[in-house]
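The next block holds one structure in the form of structure tokens; read it before the comments.
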Amino acid sequence: MNDLPAVAIGQPAPPFTLPSSDGQNVNLAQFQGQWVVLYFYPRDNTPGCTKEACGFRDAHSQFQQAQAVILGISTDSVASHEKFIRKYNLPFLLLADTEGQVARAYGSYGPKKFMGKTYEGVFRHTFILDPQGKIAQIYRQVKPETHAQQVLTDLAQLQHPTP
């Protein structure tokens, strides 16, 4: 049974401060007034996570045009994030949630199965946060190859709703 807290659209995003790939601590509150794409991913340098990160990289200028900040979070270390960023030329921050506390707060950490073994890990989830710091969209089923474009499409709808 999943005993993680349920976050929902319209609720305030759980606050956090985490070390980032640029050597600074990042506090979610510093992005108040901006759209934030917060994506949780299992591991640096794995096939699905690399596809997802490169999708956000390739669409980064479009996210900038939409005035949205991208933040990636995994349980990897800052050093791992730095290597991942250099290897794939990622233009956004990756945050080190080494204990999984932030992922847990977003309901994005728990039991997973791989090759018959059960272990605890980060789920591939994404959250769009509005400028007031509330959750505007949640993605619990993510296809790494097409995810960035889906988020861009939904972000445009959230920013400019059609009647």
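The values are calculated or read from the model by the stated rules, or taken from the named source; none is laboratory data. Because the structure is predicted, anything quoted here is derived from the model rather than measured. Cβ: placed from backbone, ideal geometry, glycine included. Neighbour counts: every protein chain shown. With ligands, DNA and RNA removed, areas are computed over all heavy atoms of the protein, side chains included. Shrake-Rupley method; radii C 1.70, N 1.55, O 1.52, S 1.80 Å.
Excluding residues fewer than 8 places away in the same chain, name every one of the aspartates and glutamates whose C-alpha is closer than 16 Å to that of Lys143.
Glu52, Asp58, Asp154
Can you tell me the order of 6-15, 84-93 when each peptide is scored by its average per-residue count of other Cβ atoms within 10 angstrom, highest first? Provide the component values of the computation, followed by the final result.
Details: 6-15: 12.7, 84-93: 15.6.
Ranking, from highest mean packing down: 84-93, 6-15.
What is the antiparallel percent of DSSP beta bridges lying wholly in the range 24-139, to the nearest 5? Show your work: numbers first, answer last.
Working: 15 of 25 bridges.
Rounded to the nearest five, the antiparallel share is 60 percent.
Quick check: Cα centre of the range 41-88 to Cα centre of the range 95-148, how many Å?
One Cα centre to the other: 14 Å.
At 1.4 Å probe size, with every protein chain present, just tell me what the per residue accessible area of the chain comes to in Å². The partial results should precede the final answer.
Numbers: 8590 Å² over 163 residues.
Roughly 53 Å² per residue, with all protein chains present.
Sequence gap at least 6, Cα distance under 8 Å: using those rules, report the relative contact order of the chain to the nearest whole percent.
In percent, rounded to a whole number, it is 32.
On the accessible surface of the range 56-110, probed at 1.4 Å, how many percent belong to carbon and sulfur atoms?
42
Let me check something: with ligands and nucleic acids excluded, how do Ile73, Ile138 order by accessible area (1.4 Å probe), largest to smallest?
Ile138, Ile73
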